[in-house]
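Please read the structure below before turning to the comments.
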Amino acid sequence: MENSREISLKRAARLKAAMDDYVAFRKAHIDEEAKKDVAGMKRRIMEYFNATEDDWRDWKWQVSNRISSADVIGEFLNLSPEEKKGITDVEKTYRWACTPYYLSLMSKSDHSYPINRMAIPSIMEMDDYGVADPMDEEHTNPAPCITRRYPDRLIINVTSACAMFCRHCQRRRLIGECDSTRSREDILAAIQYIRENEEIRDVLVTGGDPLLLDDSYIEFVLKELRTIEHVQILRIGTRVPVTMPQRITPQLCEMLKKYHPLYINLQFNHPDEVTAEAKAACTALADAGIALGNQMVFLKGINNDKFIVRLLNERLLMARVKPYYIFHPKQVIGTRHFSIRISEGLEIMRYLRGQTSGLAIPTYILNAPFGLGKIPLLPEYIIENSSEGVKLRTWEGGEIEINED
Ligand code: SF4
């Protein structure tokens, strides 16, 4: 008969073997990443713009030198005539731009590489399936800049500006021909609405990307919100630590930490976005006492892969970011080529549970159409539920019964 140590060793060996495929994937992924010449690409971009290291580190330089023409991006990437034409066709309908920093992460010749696909327009965006405003935000807008879908919290939308115009953007209808920021009068009207509705406990400041605004404007919004006693929690939604980490300056962090409790929601979609610069930006925010959560979007060809999601989430935890939500992609016009099926998303969630720690497992969410709110999507763990008890599935696929007589 086996003793308890022998039984434990057998189980440990089985658990270790369960990691083999992921460990091999992670090693291969890291080897592939090492082949990327990010430093060489950065050097070429800096030469093209005649930029210094100080310029590169300056977020305003990054914004004012965004790349938004097929000819300029063609200086750095090997684009076929069809790919270039695709970009010029799409840009007549949808604006595009990426920062020099984000361009430095791209593949020179593989345009199916996720970093390229999230930034460079594709002719597939001209597919007219879907709707512009699936969340019906236009009809959940009781005051200027405000979207309200829940009893105790709401959104203030302060700008349409973003560092990069992501090709999968679910709010692409708001990204007009130019960057527009809401007037101080509109913001004050929104603040007044919140002041008059004392059930509002939690305010999310979003856009576009609010961190595209100057520190003084962001501080104006946060300071006004902090004059309202019933507002407990402030949140900011931003993708700049991913697309332009230079924006996270010591001055910004010093200013933000005056307005705690403050949470920042990010959107990393792929492990290769968690670069040394992005990690440094997240660390600076975390050191300022800001709780960071990631809101990934499932995107076909980017992250609809169980190992990619696991690697992303494990890297985020190392950057002090908690994977918070995974959003199922909405049916936004121009983004059909990124959509996946719910069953595929559920399969990935099923894989994560048990294979990695609960800290690395976000909640999978479908945003219901017409602004009807978030619906959590969960793999099935309850097999039977009766007055006698519940039959449940374990993470390894076994079955157990809990007697509740
Ligand atoms: S940063 Fe956010 S709002 Fe801006 S384009 Fe990207 S996904 Fe859309």
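Normalised by the number of residues in the stretch 38-126, the mean separation of alpha-carbon contacts (under 8 Å, six or more apart) gives a relative contact order of 34 percent. Estimated at 0.36 nm per residue, the fully extended path between Lys223 and Lys391 surpasses their Cα-Cα distance by 55.3 nm. Report relative contact order for the chain in percent, whole number only (criteria: Cα-Cα under 8 Å, sequence separation at least 6). Relative contact order for the chain comes out at 13 percent.
Evaluated on the stretch 280-405, the Kirkwood hydrodynamic radius is 16.4 Å, with distances taken between all distinct Cα atoms. Label positions at Glu138 and Gln251, each projected 7 Å from the Cα along the C-beta direction, are separated by 3.9 nm. Helix screen, the chain: no DSSP H segment has Cα axial length of 30 Å or more and mean Kyte-Doolittle hydropathy at least 0.5.
Once you've got the Cα coordinates, tell me which of Lys60/Lys306; Lys322/Lys374; Lys92/Lys330; Lys60/Lys257; Lys257/Lys306 are over 29 Å apart. Kindly include the intermediate steps, with their values, before the conclusion.
Numbers: Lys60/Lys306 37 Å; Lys322/Lys374 19 Å; Lys92/Lys330 23 Å; Lys60/Lys257 22 Å; Lys257/Lys306 36 Å.
Those over the limit are Lys60/Lys306; Lys257/Lys306.
Here the alpha carbons of the chain define both size measures, Rg and Dmax, at 22.8, 79 Å. Computing FRET efficiency as 1/(1 + (r/R0)^6) for Asp214 and Leu378, where r is the C-beta to C-beta distance and R0 is 56 Å, gives about 0.85.
What's the FRET efficiency of Ala280 with Lys108 using the Cβ-Cβ distance as r and R₀ = 30 Å, to the nearest 0.05? Calculated transfer efficiency: 0.75.
Comparing Ala119, Ala34, Ala12 in a Gaussian network model of the chain (Cα springs below 10 Å), the most mobile by mean-square fluctuation is Ala12. With 0.36 nm allotted per residue and the present C-alpha distance subtracted, the Thr88-Met318 stretch has 78.9 nm of extension available. FRET efficiency for the pair Ala24 and Asp152, taken as 1/(1 + (r/R0)^6) with r the Cβ-Cβ distance and R0 = 41 Å, rounds to 0.35.
Values quoted throughout were computed directly from the atomic coordinates according to the rules given, and no laboratory measurement underlies them. Just so it is clear, the model here is predicted, and its values are computed rather than measured. Every residue, glycine as well, gets a Cβ built from its backbone with ideal geometry; the counts of neighbours run over all protein chains shown.
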